[in-house]
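Okay, structure first, notes after.
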Amino acid sequence: MFFLRRSIFCILISLFSLVWLLSCADSAPSISAVSAQLVFDYQTDTEIPVVSLSVFVQPVSQPSRVDSITLINQSENLEWYVNNPLIIGSGSPAVIDSGLWVGSGFIMPAHGGRLPGGTYDIVYTDLADQTAVAQFSLSIPEELYDLKWQEAKAAYYEKSDVSLLVYAEDGTLVYSGKQRPEWRSYEDIQAVYKNAAYVRLCLSVHDSDAVCILPAGREIT
């Protein structure tokens, strides 16, 4: 009798778990947050920057069930489609985790044009072809499109939160964050990161969604 009751109990638990999993799979997705930044990547000393949009959403569902994201700018009649977007953050992509984000860091302007400021719709589509829609706005200093890196640094260094990106020779990022008080020169960084080959300054421009990444070098201010 004990084994019979135990078997019935196990079957009921299994059925409950199956119903719960199916209900989770069938539930419509939703978006709890959106993070968007326009990146001005100054790759050389003499050229204007390569511009890309980094946009990620935080889904209230299993991130591993994402199929695609679509970005729409209604005012300029522009649309971008991203199949198999990246899943980044802490935890396993197979479970619901508030630290996980889904999106792309490489949304490019169309035909060498500009990514306009203003309001965007972002559509999150899961594997069951269910969708969730959120909006975000981009605030951009338009002059950044035309400034070379020395001009951008002169204009925005004092108006930005400045961080350091430290790279190894093969391009691996070995540190990202604020400059430590004891780092007064590039040699101080190399004393901590023996494989450091170069650094890039990252300027997060105040009161905007723009980030300027300056060319590779050994200057830390």
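Scanning the stretch 151-171 for residues that are in contact (Cβ under 8 Å) with a residue 60 or more places away in the chain and not aliphatic (A, V, I, L, M) yields a single hit, K153.
Per this entry, P59 is not counted among residues that are within 20 Å of C202 (Cβ to Cβ) and open to solvent by less than 60 Å² (accessible area, probe 1.4 Å). The set of residues in the stretch 139-177 that are in contact with a strand residue (DSSP E or B) (Cβ under 6 Å, 6 or more places away or on another chain), over 16 Å from V205 (Cβ atoms) and among the charged types (D, E, K, R) contains only E169. Within the set I69, I88, the sole residue that is under 15 Å from the mean Cα position of the chain (by Cα) and modelled with pLDDT under 90 turns out to be I88. Just one residue in the set V211, V166, V123 is more than 30 Å from S75 (Cβ to Cβ) and in a strand (DSSP E or B); that residue is V166. State whether one or more residues within the stretch 18-38 are among the small types (G, A, S), surrounded by 12 or more Cβ atoms within 10 Å (Cβ to Cβ), outside any strand (DSSP E or B) and modelled with pLDDT of 85 or more. Yes, the stretch 18-38 contains a residue that is among the small types (G, A, S), surrounded by 12 or more Cβ atoms within 10 Å (Cβ to Cβ), outside any strand (DSSP E or B) and modelled with pLDDT of 85 or more. From the list E187, E143, the lone residue that is assigned to a helix (DSSP H, G or I) and within 22 Å of S52 (Cβ to Cβ) is E143.
The values are calculated or read from the model by the stated rules, or taken from the named source; none is laboratory data. Because the structure is predicted, anything quoted here is derived from the model rather than measured. Positions of Cβ are generated from backbone atoms using ideal geometry, with glycine treated the same way; all protein chains shown enter the neighbour counts. Surface areas here come from the heavy atoms of the whole protein model, side chains and all, with no ligands, DNA or RNA. Shrake-Rupley method; radii C 1.70, N 1.55, O 1.52, S 1.80 Å.
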